[in-house]
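Take a look at the structure set out below.
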Amino acid sequence: MKLAIVGAGYVGLVTAACFAEMGNEVMCVDADGAKIDGLKQGRIPIYEPGLEDFVRRNLAEKRLYFTTDLASAVQKSLIIFIAVGTPQDRDGSADLSAVLAVAREIGRNLNGYKVVVEKSTVPVGTAQLVRQAITEELQARGVEYEFDVVSNPEFLKEGTAIDDFMKPDRIVVGCDDVRVAELMKELYAPFVRTHHPIIIMDVVSAELTKYAANAFLATKISFINEMANICALTGANISMVRQGIGSDPRIGHLFLFPGLGYGGSCFPKDMQALIHTARSRGYIPRLLEAAEAINQDQRQNFVNLIRRYFDDQLAGRKLAVWGLSFKPGTDDVREAPALTVISRLVELGAAIQAYDPQAMQTAREALGNHPQVTYAASSYEALKGAEALIINTEWTSFREPDFERMKSLMKNAVIFDGRNLYNPVKMAKLGFQYFYIGQKLEG
């Protein structure tokens, strides 16, 4: 099929590359000319395992094209995916200005029947706004063309997005016409040969499904962090509690890791958008608001742990930081707990020596050229002269370090582990003071 993907960001690039990999002819459109020029050369602006190979291969085989010409892409394609950003607005709602701008541009260039697909995460009712925007542009042109608007939310995890797209556990399609449903089934058929379902539903339900999925997972993360905090007060072992409840198949172990909470471009934004959707309709979503509050508190609790150890005397202290991205496998630092922790420690006068396998540049851009934050060339270099190590992200390369080498480099053998990577008993035997999430509070 001939497809247009509007938006060459994280979702758009993965979507375009994976559809092209299955033999479709795909035009990926973005307004950023410099980004498009780089993509034409096979340069990927984000870190995502496997994506560069997919892009370069399909560019070479002329199934994937990059352009700034949205009009041409609309006119040449049957199915048009809108995959532009929907950032959080000041009131917590999703900013739909980019989505609706694309919809209007589609309306200005429609030249026959098209299927317009919402791929961006958008609140309930967006499909109707997209339909309205396209219709208004057609009326302004004095022409009539049929089109359908479909909701097809993405369920990609940063770091495993290619696998998630190529081998989905389910595909959700919201549409109002059985013919459109069959067209979308045909498009996705190569991806579900293992019989994972294509779930057809109404548009509004599809729009809400994405938010409901992310809200549930975010709430699960906040739940285990709440349990960790109770463990710290009672002396219970959070690792044992996690094993005990996670072994119940109704609960499971996934997303049940105590730590610094969730971040990234999806969970925080989508939680706020869903809260806004509920409140704008007169309902107070108490569970969602509690999960969000716990998530924010978790970062401050971690900072408070560090402050207590140093008796609130952090000015001039050199602290090593491992991990800047919001999760391993990505360079994304949007809403990353690490940035919150670093910013608050810097406010207290600490000097930070940071390292991350992929997110150094994005962290620099997010934090700015702060004189108290330096970036090390390796995890061990970050430790030189440090009075403590702070772990914010559970990269695999941090799981089995050379602890004796660490001790030789650090001023003090002290670790504050925001991801519970190590065994506390082993760390004590190795001579480390080891603080972790859910540890029993003294005094």
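Does GLY246 count as on the phi > 0 side of the Ramachandran plot and either exposed (fewer than 14 other Cβ atoms within 10 Å of the Cβ) or at pLDDT 95 or above (or both)? Here the answer is no, as GLY246 does not meet what is asked. If you go through the range 43-65 and keep only what is more than 20 Å from GLY329 (Cβ to Cβ) and small (Gly, Ala, Ser), you end up with just ALA60. Quick one: is ALA127 without any contact (Cβ under 8 Å) to a residue 60 or more places away in the chain, part of a helix (DSSP H, G or I) and not acidic (Asp, Glu)? The answer is no for ALA127. Taking strands (runs of 3 or more DSSP E) as the structural unit, those lying wholly within the range 20-114 and holding at least 2 residues that are touching a residue at least 60 places away in the same chain (Cβ under 8 Å) correspond to 79-82. Considering only the range 430-440, I want to know if a residue exists there that is touching a Ser or Thr at 6+ places or on another chain (Cβ under 9 Å) and free of Cβ contacts under 8 Å to residues at least 40 places away in the same chain. Looking through the range 430-440, none of the residues is touching a Ser or Thr at 6+ places or on another chain (Cβ under 9 Å) and free of Cβ contacts under 8 Å to residues at least 40 places away in the same chain. Note on the range 321-408: no enclosed strands (runs of 3 or more DSSP E) hold 2 or more residues that are at positive phi and free of Cβ contacts under 8 Å to residues at least 24 places away in the same chain. The conditions of being exposed (fewer than 14 other Cβ atoms within 10 Å of the Cβ), assigned by TED's automatic domain parsing to the domain that holds LEU319 and within 28 Å of the chain's Cα centre (by Cα) are not met by GLY431.
Tell me, yes or no, whether the range 59-82 has at least one residue that is of a type in the set (D, E, K, R) and on the phi > 0 side of the Ramachandran plot. Scanning the range 59-82, I find at least one residue that is of a type in the set (D, E, K, R) and on the phi > 0 side of the Ramachandran plot, so the answer is yes.
Results for (1) of a type in the set (Val, Ile, Thr); (2) in contact with a strand residue (DSSP E or B) (Cβ under 6 Å, 6 or more places away or on another chain); (3) on the phi > 0 side of the Ramachandran plot; (4) outside the structural domain of LEU78 (by TED's automatic domain parsing), shown as yes or no for each residue.
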residue	(1), (2), (3), (4)
ASP169	no, no, no, no
ASP176	no, no, no, no
PRO197	no, no, no, no
MET227	no, no, no, yes
ILE230	yes, no, no, yes
HIS253	no, no, no, yes
LEU274	no, no, no, yes
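Every listed requirement among (1) more than 16 Å from the chain's Cα centre (by Cα); (2) among the β-branched types (Val, Ile, Thr); (3) closer than 27 Å to ILE46 by Cα is met by VAL333 save one, (1).
Scan the range 222-238 and give yes if some residue there is at pLDDT 95 or above, of a type outside the set (A, V, I, L, M) and under 23 Å from VAL333 (Cβ atoms), otherwise no. There is at least one residue in the range 222-238 that is at pLDDT 95 or above, of a type outside the set (A, V, I, L, M) and under 23 Å from VAL333 (Cβ atoms).
Can you tell me which residue is surrounded by the fewest Cβ atoms within 10 Å (Cβ to Cβ) among those in the range 383-401 that are farther than 20 Å from ASN420 by Cβ and charged (D, E, K, R)? Among them, the one singled out is LYS384. The residues of the range 131-177 that are outside any loop (DSSP other than H, G, I, E, B) and among the polar types (S, T, N, Q), listed by number, are GLN132, THR135, GLN139, SER151. Summed over the range 364-382, the residues that are buried (at least 16 other Cβ atoms within 10 Å of the Cβ) and farther than 27 Å from ASN412 by Cα give a count of 1. The set of residues in the range 87-138 being among the charged types (D, E, K, R) and surrounded by fewer than 24 Cβ atoms within 10 Å (Cβ to Cβ) consists of ASP89, ARG90, ASP91, ASP95, ARG104, GLU105, ARG108, LYS114, LYS119, ARG131, GLU136, GLU137. Which one of the conditions (1) in the same structural domain as GLU394 (by TED's automatic domain parsing); (2) more than 25 Å from the chain's Cα centre (by Cα); (3) within 27 Å of SER325 (Cα to Cα) does GLY282 fail to meet, given that it meets all the rest? Of (1) in the same structural domain as GLU394 (by TED's automatic domain parsing); (2) more than 25 Å from the chain's Cα centre (by Cα); (3) within 27 Å of SER325 (Cα to Cα), only one is false for GLY282: (3). Filter the range 150-183 down to residues that are in contact with a Cys (Cβ under 8 Å, 6 or more places away or on another chain) and crowded, with 20+ Cβ neighbours inside 10 Å and give me whichever is farthest from ALA127 (Cα to Cα). My answer is PHE165. A single member of TYR309, TYR283 is surrounded by fewer than 22 Cβ atoms within 10 Å (Cβ to Cβ), without any contact (Cβ under 8 Å) to a residue 24 or more places away in the chain, aromatic (Phe, Trp, Tyr) and more than 25 Å from ASP331 (Cα to Cα), and it is TYR283.
Residues checked against (1) under 30 Å from LEU441 (Cβ atoms); (2) without any contact (Cβ under 8 Å) to a residue 12 or more places away in the chain; (3) within 23 Å of the chain's Cα centre (by Cα):
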position	(1), (2), (3)
GLU154	no, no, yes
ILE198	no, no, no
LEU217	yes, no, yes
ALA232	yes, no, no
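The residues on offer are ASP30, ASP91, and the sole one that is in the same structural domain as ASN109 (by TED's automatic domain parsing) and in contact with a His (Cβ under 8 Å, 6 or more places away or on another chain) is ASP91. When ALA4 is tested against (1) part of a loop (DSSP other than H, G, I, E, B); (2) closer than 21 Å to LEU110 by Cβ, exactly one condition is not met: (1).
The values are calculated or read from the model by the stated rules, or taken from the named source; none is laboratory data. Quick caveat: nothing in here was measured; it's all calculated off a predicted structure. Using ideal geometry, Cβ is built from the backbone for each residue, glycine included, and neighbour counts are taken over all protein chains shown.
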